[in-house]
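All remarks here apply to the structure that follows.
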Amino acid sequence: MKAVVMAGGEGTRLRPLTSNQPKPMVSIVGKPCMEHILELLKRHGFEDVIVTVAFLPQAIRSYFGGGESLGIQIGYSVEESPLGTAGSVRLAAGRLDDTFLVISGDALCDVDLGRLVEFHREKHASVTIGLKSVANPLEFGIVVTDEDGKIERFLEKPSWGQVFSDTINTGIYVLEPEVMRHVPKDRPFDFSKELFPLLLEMGRPMYGYVMDGYWQDIGNLDQYRQANFDALDEKVHLEIPGIRIRGNVWLGDGVDVHDLDALEGPAYLGNYCRIAPEASVGPYSVLATSVTLRERARTARSIVDASTYIGRSTVVEGAIIGRSCDLRAHVRVHEGVAIGDEVTIGAESMIMPGVRIYPYKEVETGSQLHESLIWESRGTTRIFGKDGVSGLVNVDLTPDVAVRLASALGTALKLGARVVASREGTPACRMMKRAMISGLSSTGVEVADLRVIPVAVARHLVKSEGYDAGIHLGVNPSDPEAIRIQFFEQPGIEMSAAMQKEVEKHFARGELRRVASTDVGHITYPARARETYASELLSTLDAEAIRARRFRIVVDYGFSAASYVLPLVLDPLGVEVVAAHAFPNDGTTEFAGPLAQSMGQAKRLVSAIGADLGAVFDRPGERLYLVDERAREVPVEQTLLLYLRLIGSNGRRGKLAFPVTVTSQVDRIAEGSGLEVVRTAASLQDLTRTAADEGVVFAGAVGGGYVFPEFLPGYDAVASLAKLLELLAPVGRPLSELVAELPQPTLVHRQLPCPWALKGLVMRVLNERLAGRHLDLTDGIKVFDDRGWAQVLPDPDEPLLHLYAEGETPEASEELVAELRGLVDEIAQGEPAEART
């Protein structure tokens with residue numbers, strides 16, 4: 001006996017879950033609802049199934065195929081235009097030559113279909129309707145039968161005054177093929193509204209059979225949520241995949257749970273879910289395949305679809321979350337919320353009860369969303385941030401995204417261009433670099449793979465060997481599960497804004513160059529890149545002066561690949577080194593701890609061995625942090641001034657490049673020294689581009705990054721340490737004394753939340769109100785007065801404004817930044833205010 005599964009519904013009341021998928025494909029404990037229906041049919045002997053499809057039919061076809069995986073045979077009947085429930089089945093009538101069953105693909109049930117067919121045959125019926133007694137029949141079609149089960153009347157969605165029965169039409173029918181002759185071919189026709197009343201009027205034998213067992217229409221979000229909960233409570237018999245523990249917790253294959261006690265049943269965790277330490281899965285949680293809960297995250301009474309990421313300390317309670325969503329840290333999702341597929345919720349956001357967010361939207365960091373987000377979107381074509389391209393591994397940055405991004409870069413370069421690729425030592429970095437090399441090769445670009453190496457060595461190779469561009473993949477310093485991809489170009493500087501836009505254009509449009517097999521780019525593995533880098537760095541140093549000083553230092557590598565390179569520089573200089581946290585073996589998952597942990601280790605070692613200084617590297621080997629001989633941390637603001645003072649006292653002449661946000665103390669120190677200060681925009685891209693100009697001898701910014709352009713116009717902790725030793729060698733004084741003589745910067749920095757939509761307004765109005773004042777518009781708005789200066793700078797990646805201020809005293813700086821903040825607040829709130837900064 002054949003069965004027809006009606007799967008053409010759009011499910012408008014289930015949106016946003018059905019905004020981009022048919023209603024039968026919504027997930028119930030890890031499987032589409034329709035899959036549970038097909039398994040029910042298989043259990044009752046129905047192995048020849050016809051599926052009627054209309055809305056997004058390919059989504060159903062591609063998932064179920066011909067039914068081989070379920071052990072049944074599936075054929076499809078596609079509605080080109082809406083035909084109604086009966087019309088869609090009539091379209092397949094040519095394949096229905098005997099009694100057949102009709103069932104909905106979007107109503108979860110566990111009923112005895114065999115008994116329904118037996119009843120139909122016992123009564124010699126033309127039509128038998130499966131009925132179900134429900135407490136509230138208002139949303140359904142009521143069917144009234146006599147004592148023998150013969151149907152007496154139909155009533156579609158009655159009022160309470162019209163309710164004469166609690167038995168409703170479940171949409172499960174047994175039909176004789178001849179009844180389909182009464183369905184017209186030229187217009188939509190419905191079973192319950194048109195065909196069945198017509199057959200009743202014609203006197204055809206029609207019966208209703210009240211079925212035992214479970215039946216639940218999934219017409220709205222509440223019913224969908226309840227169907228999942230009923231499955232967990234085993235009110236409906238489903239074939240739930242995985243193993244059971246503690247009776248009511250199901251775990252799929254490859255689930256990674258740090259502590260099983262963190263799972264509170266009833267709950268379902270699909271294949272490859274990952275529950276981090278201190279995360280918890282509360283009762284009635286349904287997590288589909290590859291859902292990730294980071295540290296201290298929690299779900300309860302919620303359904304979360306496949307590949308969704310729930311960030312640290314994020315709480316989801318009573319909500320429905322779609323596929324491939326990205327909920328950042330400290331998000332709170334309240335009850336009744338429904339979020340569609342591929343939605344990003346910024347950190348520290350709060351989604352209030354009942355809100356719906358449609359697919360592909362982005363909620364800004366720190367938002368409080370009280371209304372549904374349907375049409376609006378902050379969609380952006382920007383993929384580059386201020387530090388390259390960053391994202392969570394296999395969440396934002398997946399291998400297929402990496403291939404596409406690299407292909408976009410290759411398309412932006414000329415055919416046959418040469419690119420350097422390097423990485424840090426984690427497996428994730430290796431995976432993503434390999435994907436990017438594949439993407440570059442596919443566009444006919446030659447790739448020099450340096451494997452695991454500091455980014456500075458890759459930059460140096462770009463400069464010295466004339467490569468067109470370079471990429472480096474490393475762990476994001478703020479999140480070990482995130483990757484940062486750095487892009488650079490000749491002569492080793494950050495990729496220009498124009499080139500970034502070109503890459504973004506090809507990435508967004510998908511207009512990617514694909515070469516013939518004979519033109520696929522070659523991959524080479526340059527030999528002795530580290531040795532060449534070290535040799536050229538040594539050639540720029542006064543090696544004799546450094547050797548004569550006989551330095552003893554501590555270096556904490558922070559698990560940086562710089563440990564492969566620094567010994568090649570310091571050994572020939574006669575520097576005695578005690579190292580910590582040297583680079584681990586490739587393939588490790590170990591991460592450096594916070595910077596404070598490395599600083600603490602360096603301080604202890606400096607005291608223990610009586611070192612001249614301690615040096616701490618960041619993970620990429622770009623930034624340098626110092627500890628003096630008294631085991632005290634040197635603030636990064638003063639380290640910058642230290643370099644400047646030492647360069648000036650060394651008699652060097654030339655230009656110094658600093659962002660506009662760096663303390664004015666650099667101007668005072670440079671006065672009368674033959675050094676000229678050049679200010680740049682507050683981005684690494686602008687700083688390195690300026691540093692590459694002729695005559696620039698030093699560049700730097702607060703944060704541990706220093707540039708010596710005569711060797712390499714980019715941040716390089718190895719070169720920075722070697723140059724520091726060279727500058728200290730002839731001085732002959734301890735580091736602590738030199739630092740004590742430096743001025744104390746009074747610069748303050750504050751962050752002010754500002755929605756994306758208001759950033760432009762704030763900057764425009766602020767510029768108008770400060771007209772006539774002494775301004776610097778190099779980057780943002782910087783205003784000067786007798787007390788010092790204050791600056792407002794929009795963040796390129798977050799809905800933030802950065803406020804900087806520097807006065808003669810810390811109190812003056814606080815006063816300046818408070819005044820600027822007050823003015824910005826008034827502009828953002830639309831209140832009149834006088835420019836009083």
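The values are calculated or read from the model by the stated rules, or taken from the named source; none is laboratory data. As the structure is a prediction and not an experimental result, all values here were calculated from the model. So basically every Cβ, Gly included, is an ideal-geometry build from the backbone, and we count neighbours across all protein chains shown. Only protein heavy atoms, including side chains, enter the accessible area calculation; ligands, DNA and RNA are left aside. Shrake-Rupley method; radii C 1.70, N 1.55, O 1.52, S 1.80 Å.
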*Tell me which residues, restricted to segment 637-665, are β-branched (V, I, T) and surrounded by fewer than 20 Cβ atoms within 10 Å (Cβ to Cβ).*
V660
*Filter segment 733-767 down to residues that are open to solvent by 30 Å² or more (accessible area, probe 1.4 Å), over 30 Å from V363 (Cα atoms) and either in a helix (DSSP H, G or I) or of a type in the set (S, T, Y) (or both), then give me how many there are.*
2
*If you go through segment 94-115 one residue at a time, do you hit one that is of a type in the set (V, I, T) and part of a strand (DSSP E or B)?*
yes
*asked:* Exactly one condition in (1) in a loop (DSSP other than H, G, I, E, B); (2) surrounded by fewer than 17 Cβ atoms within 10 Å (Cβ to Cβ); (3) in contact (Cβ under 8 Å) with a residue 12 or more places away in the chain; (4) among the acidic types (D, E) is false for E629; which is it?
replied: (2)
*Could you list, in sequence order, all residues of segment 72-109 that are without any contact (Cβ under 8 Å) to a residue 60 or more places away in the chain and of a type in the set (D, E, K, R)?*
E80
*Please go through segment 49-79 and pick out each residue that is among the charged types (D, E, K, R) and open to solvent by less than 50 Å² (accessible area, probe 1.4 Å).*
E79
*Which residue pairs have Cβ atoms closer than 6 Å, lie 6 or more positions apart in sequence or on different chains, and pair a first residue in segment 20-49 that is in contact (Cβ under 8 Å) with a residue 12 or more places away in the chain with a second residue that is polar (S, T, N, Q) and not in a helix (DSSP H, G or I)?*
D48/Q73
*Of the conditions (1) open to solvent by 30 Å² or more (accessible area, probe 1.4 Å); (2) at pLDDT below 85; (3) of a type in the set (G, A, S), G11 clears all except one; give me its number.*
(1)
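Looking at A691, A729, A699, can you tell me which residue is over 19 Å from V817 (Cβ atoms), in contact with an Asp or Glu (Cβ under 8 Å, 6 or more places away or on another chain) and small (G, A, S)?
Working: A691 fails: in contact with an Asp or Glu (Cβ under 8 Å, 6 or more places away or on another chain); A699 fails: in contact with an Asp or Glu (Cβ under 8 Å, 6 or more places away or on another chain).
Checking each option against the conditions leaves just A729.
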*Selection count, segment 631-674, where residues are within 22 Å of S736 (Cβ to Cβ) and touching a strand residue (DSSP E or B) at 6+ places or on another chain (Cβ under 8 Å)*: 13
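Take the residues in segment 273-299 that are part of a strand (DSSP E or B) and open to solvent by 10 Å² or more (accessible area, probe 1.4 Å); name whichever of them is farthest from H334 (Cα to Cα). Can you show your working first?
Narrowing segment 273-299 to residues part of a strand (DSSP E or B): 274-275, 280-281, 285-287, 292-293, 298-299.
From what's left, open to solvent by 10 Å² or more (accessible area, probe 1.4 Å): 274, 280, 292, 298.
Details: R274: 22, S280: 17, T292: 19, R298: 12 Å.
Step by step, filter segment 273-299, then rank; the result is R274.
Quick check on my filter: what residues within segment 342-356 are open to solvent by less than 10 Å² (accessible area, probe 1.4 Å) and in contact with a Phe, Trp or Tyr (Cβ under 8 Å, 6 or more places away or on another chain)?
The initial filter retains those residues of segment 342-356 that are open to solvent by less than 10 Å² (accessible area, probe 1.4 Å), namely 343, 345-346, 349, 351, 355.
Residue satisfying the conditions is V343 alone.
Out of curiosity, is A125 among the aliphatic types (A, V, I, L, M) and closer than 19 Å to M206 by Cβ?
Numbers: among the aliphatic types (A, V, I, L, M): yes; closer than 19 Å to M206 by Cβ: yes.
Judged against the criteria, A125 is a match.
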*Give segment 190-207 a look and list any residue that's open to solvent by 10 Å² or more (accessible area, probe 1.4 Å) and in contact (Cβ under 8 Å) with a residue 24 or more places away in the chain, or say none.*
D190, S192, K193, E194, P197, L200, R204, P205, Y207
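Checking the structure you have, find out if any residue of segment 496-511 is of a type outside the set (S, T, Y), open to solvent by 40 Å² or more (accessible area, probe 1.4 Å) and at pLDDT 95 or above.
Filtering segment 496-511 down to residues of a type outside the set (S, T, Y) leaves 497-511.
With the extra rule that they be open to solvent by 40 Å² or more (accessible area, probe 1.4 Å), the set shrinks to 497-498, 501-502, 505, 508-511.
When the remaining residues are screened for being at pLDDT 95 or above, the result is none.
Looking through segment 496-511, none of the residues is of a type outside the set (S, T, Y), open to solvent by 40 Å² or more (accessible area, probe 1.4 Å) and at pLDDT 95 or above.
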*Lone unmet requirement of (1) in a loop (DSSP other than H, G, I, E, B); (2) open to solvent by 20 Å² or more (accessible area, probe 1.4 Å); (3) touching a residue at least 12 places away in the same chain (Cβ under 8 Å); (4) under 22 Å from R459 (Cα atoms) for E694*: (3)
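Can you say whether R459 is surrounded by 14 or more Cβ atoms within 10 Å (Cβ to Cβ), basic (K, R) and under 17 Å from Q685 (Cα atoms), as far as the supplied structure shows? Can you show your working first?
Values: surrounded by 14 or more Cβ atoms within 10 Å (Cβ to Cβ): yes; basic (K, R): yes; under 17 Å from Q685 (Cα atoms): yes.
Answer is yes for this residue.
So how many residues does segment 530-561 have that are aliphatic (A, V, I, L, M) and in a helix (DSSP H, G or I)?
Residues of segment 530-561 aliphatic (A, V, I, L, M): 534, 537-538, 541, 543, 545-546, 548, 553-555, 561.
Those left that are additionally in a helix (DSSP H, G or I): 534, 537-538, 543, 545-546, 548, 561.
Summing the residues that are aliphatic (A, V, I, L, M) and in a helix (DSSP H, G or I) in segment 530-561 gives 8.
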*asked:* Can you tell me which condition V707 does not meet? The list is (1) under 23 Å from S813 (Cα atoms); (2) of a type in the set (V, I, T); (3) open to solvent by less than 10 Å² (accessible area, probe 1.4 Å), and all the others hold.
replied: (1)
_Counted residues, segment 357-373 - those being in a strand (DSSP E or B), of a type in the set (D, E, K, R) and either open to solvent by less than 40 Å² (accessible area, probe 1.4 Å) or at positive phi (or both)_ = 0
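With closer than 30 Å to D571 by Cβ, of a type outside the set (D, E, K, R), in contact (Cβ under 8 Å) with a residue 60 or more places away in the chain and in contact with a strand residue (DSSP E or B) (Cβ under 7 Å, 6 or more places away or on another chain) as the only criterion, which of L721, L738 stands out?
Details: L738 fails: in contact with a strand residue (DSSP E or B) (Cβ under 7 Å, 6 or more places away or on another chain).
When all the criteria are applied, what remains is L721.
Can you say whether T85 is of a type in the set (V, I, T), farther than 25 Å from I240 by Cα and crowded, with 18+ Cβ neighbours inside 10 Å, as far as the supplied structure shows?
Working: of a type in the set (V, I, T): yes; farther than 25 Å from I240 by Cα: yes; crowded, with 18+ Cβ neighbours inside 10 Å: yes.
Yes: the conditions hold for T85.
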*Go over the candidates A596, A608, A527, A579 one by one and state the one that is part of a loop (DSSP other than H, G, I, E, B), open to solvent by 40 Å² or more (accessible area, probe 1.4 Å) and without any contact (Cβ under 8 Å) to a residue 60 or more places away in the chain.*
A527
